[in-house]
Amino acid sequence: MKQEAQKPLHIGILHYSCPPVVGGVEEVVKNHALILHRMGQKVSVLAGMGDVFTKDHPVRIEGLLASKHPQVLKAHKEVSKGDTRLLKKLTDRIVEILRPWARRLDVIIAHNVLHMPFNLPLTLGLRRLAASSKKPIVISWAHDSPYFQDSVPEFLNKHPWVVLRMPHPRIHHVTISESRRRLFQAWNPEVNWHVIPNGIDPVSFFYLDPRSVKLAQELRLFQRDLVIVQPSRITPRKNLELSIHIVRGIKLLELDVLFILTGAYDPHEPKAVSYYRRLRYWINELGLRKNIAILAEYRFKDKTRLIPDRIFIRDLYLMADLLLMTSKDEGFGLPLLEAGMIKLPIACSNIPPFKEIGEEVCFFDPEAPPLVTAGRILEYLARTNTHKMFRKVMREYVLETVVQNELLPFLFHVTGRNHHEA
């Protein structure tokens, strides 16, 4: 029996500002919204400053929620003199903005506004909303706090500002790192702080082509231990059988490796067809069908063909860990220059053109045993500091992975919904 698709959550994301306002939290707001939408959730963004940064989901700007709104600044000033009338008036107005926006939401992710002193009426309004109804669930997503300072401004320990450090029984608390959790826990030990890290979205960071995103998802590029790309045509002088055996050697070392061969072959040339079939034989014989993708024959899951172009090849370089070139003979070696431009580690045969071009790359003897070469490549990558950091980011901090594995399950949990794959 076919499993029903998971009913999407209606998620509101709230902050003082959103893009094109530039800032770290604004970038998180944008990326959370875009990725949650990409994953089939219903997303709505509400902010005090910024603009409609996408047409994919609703983005609403309400000036009174901003950190620099003149009335808000005036209210803060009057509070310091003991006059809370304007503060209460603005809080009422903000509640009237929040209520209709929140009516159809399952959950609100409020970035910083419950813990930072930049719009006290918004803080109080959101707390009132959380107290007045069981739905939507409110999550305080705390990136920072003024109470972490060595010398906390005196006014922050007085009413009504002290609310910034007071937990609310109906509000769930998330912060972005274990070190931040320890700081929050130190002055609020009764609060259960959940850690969900920030991350980076390679799709927007690299401006990846939609076909590249599609391939990355279908082949799990961001989840692999190692991604190797070889932009070579399928001809005997490219020595691609060596690449296949090197991949086998890496797999035998218990790494989840993916090898992407981008080049095509001439189906009208008998020798090219014969060589291609021999490569397919080795892939099947060595059990590498899940570890090697030949793009000349690749079909997406929707049965459409992939026709690589220069933009697509660039994207592969950006998403890969290593350029591999196993040629027996070349006139030059343009892929080495391309990889060098983006600081992609290179492993290549020690033929004269490559040796002429390459510097600080992993040269190997194409006649050496493939297992030896596989070990040599992994040793080279282990010494390449940029590779280690790149793989750590791709493994742990790709935002789509964080959202899928940590954020979405948390949202389904706090809203009392079961989370399963569609």
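In the set Leu316, Leu378, only one residue is over 28 Å from Arg211 (Cα atoms), part of a helix (DSSP H, G or I) and touching a residue at least 24 places away in the same chain (Cβ under 8 Å); that residue is Leu378. Against the list (1) at pLDDT 95 or above; (2) crowded, with 20+ Cβ neighbours inside 10 Å, the condition Arg376 fails is (2).
If you check Glu359, Glu367, Glu338, Glu379 for being in contact with a Cys (Cβ under 9 Å, 6 or more places away or on another chain), more than 25 Å from Gly199 (Cα to Cα) and among the charged types (D, E, K, R), only one passes: Glu379. For region 158-205: of the residues being among the acidic types (Asp, Glu) and loosely packed, with under 14 Cβ neighbours inside 10 Å, which is modelled with the lowest pLDDT? Filtering region 158-205 for residues that are among the acidic types (Asp, Glu) and loosely packed, with under 14 Cβ neighbours inside 10 Å, the one modelled with the lowest pLDDT comes out as Glu190. Taken over region 92-120, the criterion of being under 26 Å from Gln149 (Cβ atoms), free of Cβ contacts under 8 Å to residues at least 60 places away in the same chain and outside any loop (DSSP other than H, G, I, E, B) is satisfied by Leu120 alone.
Considering every residue within region 256-267, establish whether at least one is at pLDDT 90 or above, of a type in the set (Asp, Glu), outside any loop (DSSP other than H, G, I, E, B) and under 30 Å from Lys388 (Cβ atoms). No.
Residues in region 375-390 include none that are assigned by TED's automatic domain parsing to the domain that holds His245, of a type in the set (Val, Ile, Thr) and under 16 Å from Lys328 (Cα atoms).
Those strands (runs of 3 or more DSSP E) of region 142-244 in which at least 1 residues are under 29 Å from Leu378 (Cα atoms), considering only elements entirely within it, cover 226-230.
Criterion first (outside the structural domain of Thr54 (by TED's automatic domain parsing), out of contact with any Leu (no Cβ under 6 Å at 6 or more places or on another chain), surrounded by fewer than 16 Cβ atoms within 10 Å (Cβ to Cβ) and in a helix (DSSP H, G or I)) does Arg289 satisfy it? No, not satisfied. Within region 179-220, being under 23 Å from Ile35 (Cα atoms) and without any contact (Cβ under 8 Å) to a residue 40 or more places away in the chain holds for Val195, Phe205, Tyr207, Pro210, Val213, Gln217, Arg220.
The values are calculated or read from the model by the stated rules, or taken from the named source; none is laboratory data. Fair warning: this is a prediction, and the values are worked out from it, not measured in the lab. Neighbour counts run over all protein chains shown; Cβ positions are idealised from the backbone, glycine included.
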